[in-house]
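Chemist: Take a look at the following structure, please.
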There are 2 protein chains.
Amino acid sequence: MQKASNGTRAGNLPEDQTGRKGSRTVSRQVLADHVYEELLASLMDGRLEPGAAVSIDGTARDLDVSPTPVREALARLEHTGMVRRVALKGYRVAPVFTREDFADLMEARLAIEPVNARLACARLNPHRLAELEQTLTELKSAPRGPSFAEYKDYLEADERFHQLIAQQTDNQFLVGAYAALGGQVQRFRLFGGVGITDAENAIAEHQSVLDALSSGDPEQAEAAMAAHIQKVRERAMADAPEE
Amino acid sequence: MQKASNGTRAGNLPEDQTGRKGSRTVSRQVLADHVYEELLASLMDGRLEPGAAVSIDGTARDLDVSPTPVREALARLEHTGMVRRVALKGYRVAPVFTREDFADLMEARLAIEPVNARLACARLNPHRLAELEQTLTELKSAPRGPSFAEYKDYLEADERFHQLIAQQTDNQFLVGAYAALGGQVQRFRLFGGVGITDAENAIAEHQSVLDALSSGDPEQAEAAMAAHIQKVRERAMADAPEE
DNA sequence: CATGTTCAGATCCTATAGGGACGCCTCCAG
DNA sequence: CTGGAGGCGTCCCTATAGGATCTGAACATG
């Protein structure tokens, strides 16, 4: 994909962009941000499979930018663990999760997310509660077909639910800690990982968390979240005993 | 960029570097890594004060490299929260901590570090225990003078103690989560922050953590670490009730 | 047929050039 | 003396060029 003529692009970039290239660098700024978003979306959508090479020059050609912003975007992405730099061989998408990786990830989530739920409970307000309820409604109504595209909405709602709780702690460090984990969780969900086996139970667990939050009982919220994550781990481990 | 004579530099870069520039780009690779390390050291040492601007071109001149690797290093650094990008005005060192920031940071540490201690306890081995004991010895013997340079070793040993415990969980995600926090802790220690008030108590608390670890009681290790962090918070809050 | 060598392509990494915007200082007019 | 305008310098941001290395295939040889 090399965008043919010039000036007119496929339209990947938001409205604030214009035709750089050529002569007038009109748009200015944050081109690297768009590259970052684009790469992140590709990773999340599964367009870039684990282990695949991410060429700097190639990506620059695809997105019709110079290698410099691509390099900057990849440097940021590397810090999240989504891609790895192999020395002087370029970047690669991080390899698939092993069983041990998954266990570690769940261990880390168990350390952080129940605390998030407890703190979020203390700092909840009607607006935030409404956001959570809205997300849970989306989770319930999302289609859950067999193919990836059919439960994409479900996974996104699931991720958003946990992310909202992290944000509602009003603690930038906990938000950051969860964000680092959440990206991995999301990536794991998409690949070899846990599908939506037993979605009904998962929804019920989310409902329990939300009930505890709305009832204003921090301890119960913490316990409900811990129980949910443990159940997620159990289901995933039972599903994929392979390897 | 003219960097005086040439070839002879202040000597910032490790031995593996050579005189690129000129004609032969001999060294090759990872130049951005050295820039990253250099900037990180400057931040930790306090050479770069909070709020100070970090010019891309200026840093490139100082380190005698081109702006490209500096840009890449700063992009990575931004993701850690040590520096912030202000849109199109360049990078700045993150501002000093407020009381609320400190409280948030301790809240996050309380969520993660006691769990780390518990898990590290289960996965401890003689070699690792020896490392911890060594670090604690260094902590006890480190000079604790009034000026920064005089308790730098103390702070480094303190940081290393906590970092070792995180690493001993054998969980990459927990290591990453602590690393993100630990950098902030270290930075906070150096600035407005908590000095070494009541170092004797702090040392005793570290000793308690180590005792619990060596005794093989995970619950006690978790409790000791939680108690330590709470005490750190109390001392810092009592010290700087200002603002 | 197997193996070592060579060559070409692709890629990474760094350096340099150029365009545009902001901030500061100086100078001039009221 | 004070306020505004203009020039200058600095900086960020992107694009392009060039050197060095690695990978893969084609080819020659035992």
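Taken together, the values in this text are just the output of simple stated rules run on the coordinates, not laboratory data. Every value quoted in this text rests on a predicted model; they were computed, and no experiment measured them. Methodologically, a virtual Cβ is constructed for each residue, glycine included, from the backbone with ideal geometry; neighbour enumeration extends over all protein chains shown.
Chemist: For the pair residue A:144 and residue A:217, what calculated FRET efficiency results from E = 1/(1 + (r/R0)^6), where r is the Cβ-Cβ distance and R0 = 25 Å, to the nearest 0.05?
Modeler: Rounded to the nearest 0.05, the efficiency is 0.25.
Chemist: If the only charges are +1 at each Lys and Arg Cβ and -1 at each Asp and Glu Cβ, what is the size of the charge dipole of the range A:100-142 around the Cα centre, to the nearest 20 debye?
Modeler: Here the range A:100-142 has a charge dipole of around 380 debye.
Chemist: Now, a different point. Residue B:227 label points, 7 Å along Cα→Cβ, one per copy: pairwise distances from this copy to the rest in nm, shortest first?
Modeler: Here the equivalent label points are 3.2 nm apart from this one.
Chemist: Whole number please: convex hull volume per residue, Cα atoms of the range A:26-145, in Å³.
Modeler: That works out to 192 Å³ per residue.
Chemist: Then there's this: If you stretched the chain out fully between residue A:179 and residue A:128, how much longer would it get, using 0.36 nm times the residue separation minus the C-alpha to C-alpha distance?
Modeler: Taking 0.36 nm per residue and subtracting the Cα distance, the gain is 16.5 nm.
Chemist: Sticking with this structure for a sec: Size of the dipole of the range A:99-239 about the Cα centre, Lys and Arg at +1 and Asp and Glu at -1 on the beta carbon, nothing else charged, in debye to 20?
Modeler: The dipole of the range A:99-239 has a size of about 180 debye.
Chemist: Once the label point is set 7 Å along the Cα-to-beta-carbon vector, what list of distances in nm do you get between residue B:143 and its counterparts in the other copies?
Modeler: Residue B:143 label point versus its equivalents elsewhere: 7.1 nm.
Chemist: If I model a spin label as a point 7 Å beyond the Cα along the Cα-Cβ vector, how far apart are those points for residue B:53 and residue A:41 in nm?
Modeler: 3.4
Chemist: If Lys and Arg each add +1 and Asp and Glu each add -1, what is the summed charge of the other residues whose beta carbon sits under 14 Å from the beta carbon of residue B:182?
Modeler: 0
Chemist: Run through the other copies and list how far each one's label point is from that of residue A:46, in nm with one decimal, shortest first; the point sits 7 Å from Cα along Cα-Cβ.
Modeler: 5.3
Chemist: Another question, then. Using a cut-off of 12 Å between beta-carbons, work out the net charge of the residues near residue A:54 (Lys and Arg +1, Asp and Glu -1, residue A:54 not included).
Modeler: In short, +1.
Chemist: Another question, if that's okay. Taking neighbour counts of Cβ atoms within 10 Å as a proxy for exposure, in what order, fewest first, do A:159, B:72, B:113 appear?
Modeler: Listing A:159, B:72, B:113 from fewest to most nearby Cβ atoms yields A:159, B:72, B:113.
Chemist: Residue B:201 versus residue A:170, label points 7 Å from Cα toward the beta carbon: distance in nm?
Modeler: 2.7
Chemist: Determine the sum of side-chain charges near residue B:121: Lys and Arg each +1, Asp and Glu each -1, restricted to other residues whose C-beta is under 13 angstrom from that of residue B:121.
Modeler: So the environment of residue B:121 carries a net charge of -3.
Chemist: Going by how many other beta carbons lie within 10 Å of each one, how would you line up A:133, B:78, fewest first?
Modeler: A:133, B:78
Chemist: Modelled label-to-label distance, residue B:137 and residue B:153, 7 Å Cα→beta-carbon offset: nm?
Modeler: Between residue B:137 and residue B:153, the simple spin-label model gives 1.4 nm.
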